[in-house]
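The values are calculated or read from the model by the stated rules, or taken from the named source; none is laboratory data. Keep in mind the model is a prediction, meaning the values are calculated, not measured. All Cβ positions, glycine included, derive from the backbone under ideal geometry; neighbour counts span all protein chains shown. Just the protein is used for accessible areas: all its heavy atoms, side chains included, with ligands, DNA and RNA removed. Shrake-Rupley method; radii C 1.70, N 1.55, O 1.52, S 1.80 Å.
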Amino acid sequence: SSAGTPLHVSSSVAAPVPKGKSSEEKAFANEAPMLLLSQDSIIALNSVLLSQGQRRVNPCHFRPNLVVGGMESLATASCVKGSDEVQTRTNPEDNWSSVTFEEKSLELSAVGQCARCSMVDIDPSSGMKGKTLRALADYRRKKGEIMFGVFYSGKSRNNQEELCSDDEVWIEEGDHLTCTQKAVS
């Protein structure tokens, strides 16, 4: 099936140009140009936060470029592993090797998970500090780092070339995607 999951696209910020570098030499501060997070991951984290007597968070705490729709929408997402449809309820993006936007001829490939720092403790709307990182550490620690969200890079499905800074592809709220599960080793 080619049904997809609705998306919410948060605002993005152009990459800064380091001192002494031309605009052609600018680089992203992270491992890849896009950070994807699922509503399911936020729901799971909020369950942990509430059980600890903390305030809920929203995706803005994590500065993602893309947020895939909530738990109820995963039932309509097409997550393909061979011919089997697979559904993962908690942090499903951890298990995706790629996401494809057929209408946009765009494929995003997973680069790796995002290690988090204490910035996730700061509520971006109020500036108040919470204990989000501590809650994440309870269930998202991996080799000494606290992981939440996945970095992606993109390529055109038309010519299979990596996208460069001159390429423009607009992803909008409500666009549909197909996710491909990582191979089980």
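Here are a few things to note about the model shown:
- Of the residues making up segment 123-134, those that are within 19 Å of the chain's Cα centre (by Cα) and not polar (S, T, N, Q) are Asp123, Pro124, Leu133.
- The set of residues in segment 33-68 that are under 15 Å from Met119 (Cβ atoms), part of a loop (DSSP other than H, G, I, E, B) and open to solvent by 10 Å² or more (accessible area, probe 1.4 Å) comprises Val57, Asn58, Arg63.
- Residue in segment 157-177 that is at pLDDT 70 or above and part of a strand (DSSP E or B) present: no
- Filter result for Val111 (β-branched (Val, Ile, Thr) and modelled with pLDDT of 90 or more): yes
- Whichever residue in segment 108-137 is part of a strand (DSSP E or B) and either of a type in the set (A, V, I, L, M) or in contact (Cβ under 8 Å) with a residue 60 or more places away in the chain (or both) and, among such residues, is surrounded by the fewest Cβ atoms within 10 Å (Cβ to Cβ): Gly112
- Residue within segment 73-84 that is at pLDDT 85 or above, open to solvent by 50 Å² or more (accessible area, probe 1.4 Å) and of a type in the set (Gly, Ala, Ser) present: no
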